[in-house]
Amino acid sequence: MEVTVIASGSNGNCCLVEEKGVSILIDAGKSGREIERRMNSLGKSLENVDGCIITHGHTDHIRGAEVISRRYGIPLYVSRQAEFLLSGAVKEFDGNFKIKGVEVKPVLTSHNVPSSGFVIGKFGLFTDTGMVTPEMDSAMGNLNAVLLESNHDIEMLRNGRYPRFLKNWILSDTGHLSNETASSLIQNKGKNLSLVLLGHLSGNNNTPQLAEETFERIVKRKIDCAVCSREKESGSWGF
């Protein structure tokens, strides 16, 4: 299995998972042209994508979805509970489903709109969640690799320039995961993990150094860890 992080952050999210000859995008939160450019720079092509699954309807996750669906004939897989509409080849899911024989398992997350993470094989992606849901907690122990939200440093957020209502939402159970919560989940439940990708970092309330330092302080096992870039494609990892 290979995972390629094309974009990760509140300014856009897109991840490519390749398993058993099947290529699956998770989210398309950059413009179609930018997703195409970044994938090509990593030796990947939208022409080979078999489906794009959507975590939720915020713009930083669906910005380019309709364009790539129309341009490349890529089916879009959207939860039946979703509170947004997309045009193109849209397929609804309500539970586990398959894309060309590869099973995709939605995992409930906790955000201010209906949202989910996904497990594909031994890889999981969980972002845009204000808490570790029971479903996430249960899924973590079976994974070899994960892309997990590590959105903010709590003190940096509390002392930052955001208005109080926004700080309170980010810290709430329907907001975003902190560095501490993400790393604690990995330490406590990620017993089989060999690769951790920390993603969806805030541009105002976190830094890659803080996310990495928190991981190194809390996680007591040897696990390969990389912090995904907000500004460019992060790269590919096989496991």
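The values are calculated or read from the model by the stated rules, or taken from the named source; none is laboratory data. From a predicted model like this one, the values you see are computed outputs, not experimental measurements. Neighbour counts are summed over all protein chains in view; Cβ atoms, including those assigned to glycine, are modelled from backbone coordinates with ideal geometry.
Applying the selection to the range 132-150, what residues are exposed (fewer than 15 other Cβ atoms within 10 Å of the Cβ), over 21 Å from Phe239 (Cα atoms) and either in contact (Cβ under 8 Å) with a residue 40 or more places away in the chain or under 16 Å from the mean Cα position of the chain (by Cα) (or both)?
Passing the criteria: only Asp137.
Residue by residue through the range 195-214, note down the ones that are surrounded by 14 or more Cβ atoms within 10 Å (Cβ to Cβ) and either modelled with pLDDT under 95 or in a loop (DSSP other than H, G, I, E, B) (or both).
Residues satisfying the conditions are His200, Leu201, Ser202, Asn205, Asn206, Thr207.
When you check Gly9 against the structure, is it crowded, with 24+ Cβ neighbours inside 10 Å, in contact with a Gly (Cβ under 8 Å, 6 or more places away or on another chain) and at pLDDT 95 or above, yes or no? Step through it out loud before you land on a result.
Numbers: crowded, with 24+ Cβ neighbours inside 10 Å: no; in contact with a Gly (Cβ under 8 Å, 6 or more places away or on another chain): yes; at pLDDT 95 or above: yes.
So Gly9 fails the test.
Considering every residue within the range 59-72, establish whether at least one is of a type in the set (Ser, Thr, Tyr), touching a residue at least 12 places away in the same chain (Cβ under 8 Å), crowded, with 21+ Cβ neighbours inside 10 Å and not in a strand (DSSP E or B). Can you show your working first?
Restricting attention to the range 59-72, the residues satisfying the condition of being of a type in the set (Ser, Thr, Tyr) are 59, 69, 72.
Retained after the next criterion (residues that are touching a residue at least 12 places away in the same chain (Cβ under 8 Å)): 59, 69, 72.
After this cut, where a residue has to be crowded, with 21+ Cβ neighbours inside 10 Å as well, the list is 69.
From the residues that got through so far, the ones that are not in a strand (DSSP E or B) too are 69.
Taking every residue of the range 59-72 in turn, at least one turns out to be of a type in the set (Ser, Thr, Tyr), touching a residue at least 12 places away in the same chain (Cβ under 8 Å), crowded, with 21+ Cβ neighbours inside 10 Å and not in a strand (DSSP E or B).
Give the range 22-44 a look and list any residue that's in a loop (DSSP other than H, G, I, E, B), surrounded by fewer than 19 Cβ atoms within 10 Å (Cβ to Cβ) and in contact with a strand residue (DSSP E or B) (Cβ under 9 Å, 6 or more places away or on another chain), or say none. Break it down into steps so the answer makes sense when it comes.
Initial filter on the range 22-44 (in a loop (DSSP other than H, G, I, E, B)): 27-31, 42-44.
Now narrow it down to the ones that are surrounded by fewer than 19 Cβ atoms within 10 Å (Cβ to Cβ): 31, 42-43.
Within the range 22-44, Leu42, Gly43 meet the criteria.
List every residue pair whose Cβ atoms sit under 8 Å apart, with the two residues 6 or more apart in sequence or on different chains, where the first one lies in the range 84-101 and is in contact (Cβ under 8 Å) with a residue 24 or more places away in the chain and farther than 23 Å from Asn112 by Cα and the second, anywhere, is in a loop (DSSP other than H, G, I, E, B) and among the acidic types (Asp, Glu).
Listed by first residue and then by second, the contacts come to Ile99/Asp50; Lys100/Asp50.
Among the residues of the range 175-195, count how many are touching a Cys at 6+ places or on another chain (Cβ under 9 Å) and among the β-branched types (Val, Ile, Thr). Full working, then the answer.
Applying the first criterion (touching a Cys at 6+ places or on another chain (Cβ under 9 Å)) to the range 175-195 yields 186, 195.
After this cut, where a residue has to be among the β-branched types (Val, Ile, Thr) as well, the list is 186.
So the count comes out to 1.
Could you list, ordered by first residue, the pairs with Cβ atoms under 6 Å in which the first is in the range 215-227 and crowded, with 18+ Cβ neighbours inside 10 Å and the second is among the small types (Gly, Ala, Ser) and part of a helix (DSSP H, G or I), at least 6 apart or interchain?
Close Cβ pairs (under 6 Å, with a partner that is among the small types (Gly, Ala, Ser) and part of a helix (DSSP H, G or I)) amount to Phe215/Ser183; Val219/Ser183; Val227/Ala211.
Taking the range 79-107 on its own, how many of its residues are touching a strand residue (DSSP E or B) at 6+ places or on another chain (Cβ under 8 Å) and either under 20 Å from Leu193 (Cα atoms) or acidic (Asp, Glu) (or both)?
7
Just checking, how many residues over the range 216-239 are assigned to a loop (DSSP other than H, G, I, E, B) and under 14 Å from the mean Cα position of the chain (by Cα)? Steps first, please.
Quick first cut of the range 216-239, residues assigned to a loop (DSSP other than H, G, I, E, B) only: 219-223, 228-234, 239.
Then keep just the ones that are under 14 Å from the mean Cα position of the chain (by Cα); that gives 228-230, 233-234.
Matching residues across the range 216-239 total 5.
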